[in-house]
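Novice: Pasting a structure below so you can have a look.
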Amino acid sequence: MNVNAIPAETRFDNVAFSSEVEGGVALPIHAKYTCPRCSEQIAFRKEHFESRAWRKFSNLSASQQAAFDDWAQSNGYADKAFLDWQCPRCSLAARVYIQHWAGGRGDGGATLKVVLESGA
């Protein structure tokens, strides 16, 4: 299986999640991924990226997981949190790697970094 790596902002309409409030307004708590194969939009919530991603649970096949894990090992993402899914319309396998951060006043958040998609 080929693995395509794409900057997260190419597929997601929002890549930053935070508990910070800027100018009296909280940052968005939702993000949509657009499948490059069939244009299906898949909705995610902040909690998917902040807490569920640390579990490193995958619902992909063993061969898909292995291909993504191999890419991560070769590109410095092996120890990063991730979230896996398959497109409900066309079954494209995908994974997003997430950078978590913590601030000084109890603030924290997550930034979506790179999306992996099965190429074949």
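The values are calculated or read from the model by the stated rules, or taken from the named source; none is laboratory data. Given the structure is predicted, the values throughout are model-derived calculations rather than measurements. Ideal geometry is used to build each Cβ from the backbone, glycine not excepted, and the neighbour counts take in all protein chains shown.
Novice: Hey, could you check the stretch 21-53 for residues that are surrounded by 13 or more Cβ atoms within 10 Å (Cβ to Cβ) and modelled with pLDDT under 75 and say which is nearest to ASP79 (Cα to Cα)?
Specialist: Step by step, filter the stretch 21-53, then rank; the result is ALA53.
Novice: Return the residues of the stretch 77-120 that are in contact (Cβ under 8 Å) with a residue 12 or more places away in the chain, hydrophobic (A, V, I, L, M, F, W, C) and assigned to a loop (DSSP other than H, G, I, E, B); say none if nothing qualifies.
Specialist: Keep residues of the stretch 77-120 that are in contact (Cβ under 8 Å) with a residue 12 or more places away in the chain, which gives 77, 80-90, 92-100, 103, 106-120.
Applying the additional criterion that residues be hydrophobic (A, V, I, L, M, F, W, C) yields 81-83, 85, 87, 90, 92-94, 96, 98, 110, 112, 114-116, 120.
CYS87, CYS90, LEU92, ALA120, listed by residue number.
Novice: Looking at the stretch 85-94, can you tell me whether even one residue there is closer than 14 Å to ALA5 by Cα, touching a Leu at 6+ places or on another chain (Cβ under 9 Å) and of a type in the set (Phe, Trp, Tyr)? Steps first, answer last, please.
Specialist: Restricting attention to the stretch 85-94, the residues satisfying the condition of being closer than 14 Å to ALA5 by Cα are 92-94.
Still in the list and also touching a Leu at 6+ places or on another chain (Cβ under 9 Å): 93-94.
Now narrow it down to the ones that are of a type in the set (Phe, Trp, Tyr): none.
Within the stretch 85-94, none of the residues are closer than 14 Å to ALA5 by Cα, touching a Leu at 6+ places or on another chain (Cβ under 9 Å) and of a type in the set (Phe, Trp, Tyr).
Novice: PHE57 is checked against (1) surrounded by 12 or more Cβ atoms within 10 Å (Cβ to Cβ); (2) out of contact with any helix residue (DSSP H, G or I) (no Cβ under 9 Å at 6 or more places or on another chain) and fails just one. What number does that condition carry?
Specialist: So the condition that PHE57 fails would be (1).
Novice: Something else about it: Against the condition within 16 Å of LEU116 (Cβ to Cβ), modelled with pLDDT of 90 or more and surrounded by fewer than 12 Cβ atoms within 10 Å (Cβ to Cβ), how does SER74 come out, does it pass? Before the answer, list the steps.
Specialist: On the way: within 16 Å of LEU116 (Cβ to Cβ): yes; modelled with pLDDT of 90 or more: yes; surrounded by fewer than 12 Cβ atoms within 10 Å (Cβ to Cβ): yes.
Yes, satisfied.
Novice: Do we have any residue at all in the stretch 94-102 that's of a type outside the set (Val, Ile, Thr), within 22 Å of GLU20 (Cβ to Cβ), surrounded by fewer than 19 Cβ atoms within 10 Å (Cβ to Cβ) and more than 12 Å from the chain's Cα centre (by Cα)?
Specialist: Among the residues of the stretch 94-102, at least one is of a type outside the set (Val, Ile, Thr), within 22 Å of GLU20 (Cβ to Cβ), surrounded by fewer than 19 Cβ atoms within 10 Å (Cβ to Cβ) and more than 12 Å from the chain's Cα centre (by Cα), which makes the answer yes.
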